[in-house]
């Protein structure tokens, strides 16, 4: 791998919250290598709050999601012109998708680095081999996949690898503190996130109600959080709770305040999803329940006590959108409450 000189990098990290969190070790490696290196990151609105307060991000470009109208096209064109004006000398396609590859090309970035995917290869100037080849091992975590692009161009990657790291905006912390005070929360609390992107990753709401009861018995105030469109999941948890159990629900927090709420918790329990990675980045002890996805790739990238709970079925991992092996996704359905409580106990005892 030949070193590639550069002084003005820009990282393209589009799409999901969890993937953006798992990109933060790239920031740490770049700044450790060259503390004076200005780092720009291109994100979409959904994940922008994750990086807005991050001290290692010098410039954040928030580009609109594509929409089938002139306003959406105009927003993308404006973003391209702004990127061209900054005269970046290298771009990294951390997401790997077609959109980022085209944005790098249209922005006139002379060195464009990414993995050798069929639909983007011809848009790149520096094509990375498979991350398994870069790292010379068979199983690669998402963090290692993204760091592999730095190794390709000669950036020294330390061992052990840095963990994920996030920061809270002060105004978000203040807002969450006020909301907790208003709700009467004065002691330690636990966050429960019962939603997920697919049915194959979403543990039963009634099971999460039992976990809330267990956490309350441990002296923690249970707080259930969900994002926009996930309110029915929270309501299902509410209906399954014991009548005497006081559980708080936050269903309309902006992402910046969700981050602050998670950052202050004493414990986190949830499905394999973005909030779990946020908890890991804030070094909160946590238990994550996996279904269809690959925990070797997507497990929390943290040094704090944590456990992954899952069932090893022959069909796992899979894409997860549709279960082709069973009428219902048994990978997540077979995880028991007892197994999750056992994992919680293990983390508390660590």
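The values are calculated or read from the model by the stated rules, or taken from the named source; none is laboratory data. Here the structure is a predicted model, which means the values were calculated and not measured. Positions of Cβ are generated from backbone atoms using ideal geometry, with glycine treated the same way; all protein chains shown enter the neighbour counts.
The table below gives the values:
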quantity	calculated
Residue 272 more than 20 Å from residue 205 (Cα to Cα) and touching a strand residue (DSSP E or B) at 6+ places or on another chain (Cβ under 7 Å)	no
Members of the range 106-132 that are in contact with a helix residue (DSSP H, G or I) (Cβ under 8 Å, 6 or more places away or on another chain) and part of a helix (DSSP H, G or I)	106, 123, 131
Residues within the range 5-17 that are in a loop (DSSP other than H, G, I, E, B) and either in contact with a helix residue (DSSP H, G or I) (Cβ under 8 Å, 6 or more places away or on another chain) or free of Cβ contacts under 8 Å to residues at least 24 places away in the same chain (or both), tallied	5
Any hit, the range 58-72, residues being surrounded by fewer than 18 Cβ atoms within 10 Å (Cβ to Cβ), closer than 21 Å to residue 9 by Cβ and either out of contact with any strand residue (DSSP E or B) (no Cβ under 8 Å at 6 or more places or on another chain) or assigned by TED's automatic domain parsing to the domain that holds residue 296 (or both)	no
Within the range 167-187, tally of residues that are over 24 Å from the mean Cα position of the chain (by Cα) and either surrounded by 13 or more Cβ atoms within 10 Å (Cβ to Cβ) or part of a helix (DSSP H, G or I) (or both)	7
Single unsatisfied condition, residue 301 versus (1) touching a strand residue (DSSP E or B) at 6+ places or on another chain (Cβ under 9 Å); (2) closer than 27 Å to residue 161 by Cα; (3) buried (at least 17 other Cβ atoms within 10 Å of the Cβ)	(1)
Hits in the range 133-150 (condition: out of contact with any strand residue (DSSP E or B) (no Cβ under 9 Å at 6 or more places or on another chain), in contact (Cβ under 8 Å) with a residue 60 or more places away in the chain and outside any loop (DSSP other than H, G, I, E, B))	142, 143, 147
Residue within the range 18-32 that is free of Cβ contacts under 8 Å to residues at least 60 places away in the same chain, in a loop (DSSP other than H, G, I, E, B) and either farther than 19 Å from residue 256 by Cβ or assigned by TED's automatic domain parsing to the domain that holds residue 228 (or both) present	no
